[in-house]
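Peer 1: Below is the structure I would like to discuss, written out as structure tokens.
The values are calculated or read from the model by the stated rules, or taken from the named source; none is laboratory data. This one's a predicted model, so the numbers in the text were calculated from it and none came from an experiment. Because the Cβ atoms are built from the backbone with ideal geometry, glycine has one as well, and the counts that use them run over all protein chains shown.
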Amino acid sequence: MRIVVAMSGGVDSSVAAALLAQQGHDVIGLSMQLYDQSEGKRTFGSCCTIDDLHDARRVAARLGFPHYIVNFEDKFNETVVSNFVREYAAGRTPIPCVHCNGDLKFATLVERAAGFGADLVATGHYARVTRDEASGRYRLLRGRDRSKDQSYFLFTLTQAQLAHAVFPLGELDKPAVREHARALDLAVADKPDSHEICFVASGDHAAFLEEHGVAVAQGIIRNVGGAVLGQHSGVHRFTVGQRKGLGLSSPIPLYVVGIDAASAAVTVGPREALDRDELTASGVNWIAGAPPVAGTRVTAQIRHRHTEAAAAIDPIGADRVRVKFDAPQAAVAPGQALVMYVGDEVVGGGWID
């Protein structure tokens, strides 16, 4: 079977391609060019560099399948970067990896794969997809290695996209993946993982946002009682749950508990002021294609590294949901992704209001 593999130049996507090739599939490697590589521009955050593209090409040559680079500059800016800038300017905390994986990679690569006569698109995500024989529906599952599970970033995938998705690493853990790479003598076998947002080269979010048009607008920092404690130079410099960098003197630790972009006000409070036992989320994608019944029990994650928490959900229309946690959760940040699970299965996900 012909399968297009999205290759970032890292060890995960390289081994995903290698495993498929070893299984006898007709593999085609595609790498995304996400930024202008002219005039000596060689860095782009922690991944997606020119060197990464070369690494992907070397792996493809080593394993004996064709490799192509596709220009996604415009789509990446429209789908990922612009959203990142807008959300921070609105006082929300975006998670660009979700938009990149669902709205860009799969939405676009499925179309590109058809042009190559390929039915399937594979990536190096630690996740699994299965098909329920009784209903014919596809199920998105956590990766077997819970410490590397990336299903959280894939909740936007539709039934049509899951029908074309392959995750060859879903049953493996990271040490096994690196061992596969070493056994194949791949140069990327010990290449470090990237963890930062790929397009913020310096790691300085505020500077990046200001370079992309977010105004430095002063506002107040107030406590939960409304008393003004200080000034700030832009709501884009804050996120709910933040403790460091507040520039305040206080006998107790203070955290950001609210951001009002319209009034340029940042509210801070003690640790207990961060707790919430309920939230709503919008733009919900239900993996099965329709919402579950009210009262369905799930475990929910409000951040990628958040320990999943028991909750009951109440769908509101087709694409909103109210989530009530059994125990209060800290730092529920508007703009972050809420992902709901039953066991290892992703029920759906959306964006925290």
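Peer 1: Would it be correct to say that D260 is in the same structural domain as M340 (by TED's automatic domain parsing) and acidic (D, E)?
Peer 2: Here the answer is no, as D260 does not meet what is asked.
Peer 1: Then there's this: Determine which single condition G258 fails, assuming it passes every other condition in (1) outside any strand (DSSP E or B); (2) touching a strand residue (DSSP E or B) at 6+ places or on another chain (Cβ under 8 Å).
Peer 2: G258 satisfies all of (1) outside any strand (DSSP E or B); (2) touching a strand residue (DSSP E or B) at 6+ places or on another chain (Cβ under 8 Å) except (1).
Peer 1: Going by the conditions given, is T239 of a type outside the set (A, V, I, L, M), within 28 Å of the chain's Cα centre (by Cα) and not in a loop (DSSP other than H, G, I, E, B)?
Peer 2: It is false that T239 is of a type outside the set (A, V, I, L, M), within 28 Å of the chain's Cα centre (by Cα) and not in a loop (DSSP other than H, G, I, E, B).
Peer 1: While we're here: Name the residues in segment 268-277 that are more than 30 Å from P315 (Cβ to Cβ) and either in a strand (DSSP E or B) or modelled with pLDDT under 95 (or both), would you?
Peer 2: V268, G269
Peer 1: Moving on to the next point. Starting from residues that are part of a loop (DSSP other than H, G, I, E, B) and within 17 Å of the chain's Cα centre (by Cα), keep the ones in segment 156-168 and report whichever is surrounded by the most Cβ atoms within 10 Å (Cβ to Cβ).
Peer 2: L157
Peer 1: Test each condition in (1) at pLDDT below 95; (2) within 14 Å of V11 (Cβ to Cβ); (3) over 16 Å from the mean Cα position of the chain (by Cα) for A134 and report the one that comes out false.
Peer 2: (2)
Peer 1: For segment 278-353, list the strands (runs of 3 or more DSSP E) that sit wholly inside it and hold at least 1 residues that are farther than 25 Å from Y138 by Cβ; which are they?
Peer 2: In segment 278-353, the matching strands (runs of 3 or more DSSP E) lie at 309-316, 320-330, 345-352.
Peer 1: Could you tell me which of the residues F153, F84, F106 is crowded, with 20+ Cβ neighbours inside 10 Å, touching a Cys at 6+ places or on another chain (Cβ under 9 Å), assigned by TED's automatic domain parsing to the domain that holds P66 and not β-branched (V, I, T)?
Peer 2: Step by step, each of F153, F84, F106 is checked, and only F153 is crowded, with 20+ Cβ neighbours inside 10 Å, touching a Cys at 6+ places or on another chain (Cβ under 9 Å), assigned by TED's automatic domain parsing to the domain that holds P66 and not β-branched (V, I, T).
Peer 1: Against the definition (in a loop (DSSP other than H, G, I, E, B), surrounded by fewer than 18 Cβ atoms within 10 Å (Cβ to Cβ) and in contact with a Ser or Thr (Cβ under 8 Å, 6 or more places away or on another chain)), how does A217 come out, yes or no?
Peer 2: The answer is yes for A217.
Peer 1: Any idea which of (1) surrounded by 12 or more Cβ atoms within 10 Å (Cβ to Cβ); (2) without any contact (Cβ under 8 Å) to a residue 40 or more places away in the chain; (3) more than 30 Å from D12 (Cα to Cα) is the one F208 doesn't satisfy?
Peer 2: (3)
Peer 1: Now for a separate question. Kindly indicate whether any position in segment 117-128 is among the hydrophobic types (A, V, I, L, M, F, W, C), touching a Gly at 6+ places or on another chain (Cβ under 6 Å) and buried (at least 17 other Cβ atoms within 10 Å of the Cβ).
Peer 2: Yes, because at least one residue in segment 117-128 is among the hydrophobic types (A, V, I, L, M, F, W, C), touching a Gly at 6+ places or on another chain (Cβ under 6 Å) and buried (at least 17 other Cβ atoms within 10 Å of the Cβ).
Peer 1: Something else: Please tell me if S46 is modelled with pLDDT under 90 and in the same structural domain as T156 (by TED's automatic domain parsing).
Peer 2: yes
Peer 1: Does E39 qualify as being modelled with pLDDT under 95 and either over 21 Å from V200 (Cβ atoms) or over 17 Å from the mean Cα position of the chain (by Cα) (or both)?
Peer 2: So E39 passes the test.
Peer 1: OK, next. Which condition breaks for C97 when tested against (1) closer than 16 Å to S8 by Cα; (2) outside any helix (DSSP H, G or I); (3) in contact with a Phe, Trp or Tyr (Cβ under 6 Å, 6 or more places away or on another chain)?
Peer 2: Single failed check for C97: (2).
Peer 1: In segment 54-77, what residues are crowded, with 20+ Cβ neighbours inside 10 Å and either among the aliphatic types (A, V, I, L, M) or modelled with pLDDT under 65 (or both)?
Peer 2: Of everything in segment 54-77, those that are crowded, with 20+ Cβ neighbours inside 10 Å and either among the aliphatic types (A, V, I, L, M) or modelled with pLDDT under 65 (or both) turn out to be A56, V59, A60.
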